[in-house]
Structure formats: C-alpha cells, structure tokens
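Below is one structure; the comments refer to it alone.
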Amino acid sequence: MRIVLIGAPGAGKGVYAQYFREKYCIPHISTGDIFREEIAKGTELGLRVKQYVERGLLVPDEIVINIVKEKLKQPNMQRGFILDGFPRTLVQAKALDEITRIDIAIHLLVSEEVAVKRLSGRRVCPKCGRVYNIYYEPKPREDEKCDYDGVQLIQRQDDNPEVVKQRYRVFYETLTPVLEYYTSTRRLLEVNADKSLSEILPLLEKILVDIGVLKLNPCKDVKID
Ligand SMILES: [Zn+2]
C-alpha cells in the first residue's frame, strides 16, 4: 500500500495518516516533520532547509527528493508507506515514480472555511507527533496533553488563522500540476474532507480495497471517534 496523501492545510492529512499507520503498521513519512526535527536538532540538513521553511518557501526539489529517497530505502517500508507533504512539485512527482511505484494519490479536498476552523483548534505533540484538535475528534483525553506520553501539546505557529488562508491559496497554486499529473496517470482519488473522519474513512477503506490498493490485514484495531 504505497500512498501519497495530498491535502491543503486543515484537510486532516495528519489524522488520516495516523489512522493508516496505526491500523496497518505502515510508516508515515512526513517531510514537514522531518524538516522540523532536523531544524530542532540543528543538523547540517536542518540548517540547509531552515532558511526556506522559516520564510514559507518550498525546499528545493533536489534536497527533498534525496531525503525521501533515503527514507524509502529503509527496511520497514516493505508493507507500504504513506507519503505526506511530498511530492509538492511536478519534478518531485516524476522523480518519485523513478524511485518507487506509487499505487494511489489521495486528495483530501477541504474548503477554505472548514480548513480555517479546524486549524485554529489543532494541537500537536512535540514528542511523538500525534495530532489532536480541541474542537473536533480526536480530542486529547486530558486537557491539552498527549494521550500517549502526557506531554503538553503545542499549537504550530503556521496554524494561526490569519496565516492559514494564505497557506491554503498557495497550496492550490503549487499543487495543481501535481494533482493534474496523478489525474493523467489515473492514480488520483478525491475525497470530501469537509466531512468527518468517521463518515469518510469506512468509504475510503472500501474504495482502496475495491481498487486493489489495500490488501493488508489490520495489525491493530483502531477506533474512529
Ligand atoms: Zn505524544
């Protein structure tokens, strides 16, 4: 199950990815998370990408492609993976097809209104990367603390509502060629991400089974709230 997950800020990409990662035991590769980790650790790569990330610019294709290429060589990719935040450009999408076989690109289509509302409530665990929302499920059980490790959740700076609209528009300006590429190669699956996870996930899983992308047995029973 080799999936590319495409969604504007607020589409719920992190939550979908988390669900598939836990239920089917496949890795979730988020280039955004990788960048943030490397910047926090102050690595050479972190220093290289910092100048782009902090200015809200796209990290150059060559750097991102190499990061993903290295990740996909790891042995835990055997059952499949979910790519999140990559590819961002047509060059990256074509490079990815040379690195590996992608079964499907899932486009989580969210309206700007819903995106803004969701993001103002989003909280992230700085330790394990799990994503919560104080307005929607999955809510943290204890007040703004991670259910798994008890760490105080944080709001990412770029989830500020004023910034979200701009990010949303830039996202579609940037991603349109990528969406067209997956449409033209008959691998684009569009999902109405304004609806709740519990409405969409059973449908999405059924479609993935029907088209032969999802062949794995669950390794864990994951509930949808
Ligand atoms: Zn945590």
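Every number in this text was worked out from the coordinates using simple rules, so none of it is lab data. The model shown is predicted, which means the values in this text are computed figures rather than measured ones. Note that we place each Cβ from the backbone using ideal geometry, even for glycine, and neighbour counts take in every protein chain shown.
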Query - Set of lysines near K73 by C-alpha distance (under 19 Å), chain-local residues within fewer than 8 positions excluded - result: K94
Requested in this report: Calculate, axis by axis, the spread of Cα positions in segment 1-129 along the three principal axes, and write the results as whole Å, longest axis first.
Outcome: 37, 33, 30
Requested in this report: Quick one: among T31, T176, T185, which has the greatest mean-square fluctuation in a GNM of the chain with alpha-carbon springs under 10 angstrom?
Outcome: T185
**Report entry** Theoretical gain in end-to-end length, Q157 to E113 [0.36 nm per residue, Cα-Cα removed]
**Finding:** 13.9 nm
Query raised in the report: Which of the chymotrypsin sites (Phe, Trp or Tyr not before Pro) across segment 1-102 are loop residues per DSSP, with 12 or fewer other Cβ within 10 Å?
Result: none
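So what is the orientation-averaged projected area of the chain, using the convex hull of its C-alpha atoms, in nm²? Working shown, then result.
Working: hull surface 47.2 nm².
Seen from a random direction, the Cα hull of the chain projects 11.8 nm² on average.
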Query raised in the report: Based on Cβ point charges of +1 for Lys and Arg and -1 for Asp and Glu, what charge dipole magnitude is obtained for segment 1-58 about its Cα centre, in debye rounded to the nearest 20?
Result: 120
Requested in this report: Would you mind telling me which residue in I63, I26, I82 has the biggest mean-square fluctuation in a Gaussian network model of the chain, where springs connect alpha carbons within a distance under 10 angstrom?
Outcome: I63
Query raised in the report: To the nearest µm²/s, what D does Stokes-Einstein give for segment 140-225 at 10 °C and 1.306 mPa s, using the Kirkwood radius over alpha carbon pairs as Rh?
Result: 95
Query raised in the report: Just for the Cα atoms in segment 67-141, what are the lengths along the principal axes, largest first, rounded to whole Å?
Result: 41, 28, 19
Requested in this report: Anything over 19 Å Cα to Cα? Flag those among K23/K206; K139/K195; K13/K50; K71/K206; K13/K139, in the order listed.
Outcome: K13/K50; K71/K206
Query - Amide H within-cut-off set for K145, under 5 Å, with H built and near neighbours excluded - result: L153
**Report entry** Descending Cα extents along the principal axes, segment 121-189, whole Å
**Finding:** 45, 28, 20
Report task. Out of all DSSP beta bridges with both ends in the chain, state the antiparallel percent to the nearest 5. Result -> 25
Query raised in the report: Nearest 20 debye, what's the magnitude of the dipole of segment 103-225 about its Cα centre given +1 on Lys and Arg Cβ and -1 on Asp and Glu Cβ?
Result: 200
Query raised in the report: In whole Å, how far is the Cα centre of segment 150-225 from that of segment 112-135?
Result: 14
Report task. May I ask you to evaluate 6.51 cos²θ - 1.76 cosθ + 1.60, the Karplus curve with θ = phi - 60°, for each residue of segment 125-139 and list the ³J(HN,Hα) values in order in whole Hz, giving x for glycine and proline? Result -> 7, x, 8, 10, x, 5, 10, 10, 9, 7, 9, 10, 6, x, 8
Report task. List the residues whose amide H sits under 5 Å from the amide H of S111, counting only those 5 or more places along or on another chain, with H placed 1.01 Å from N in the peptide plane. Result -> D194
**Report entry** For the chain, size of Cβ-based charge dipole, Lys and Arg +1, Asp and Glu -1, in debye
**Finding:** 360
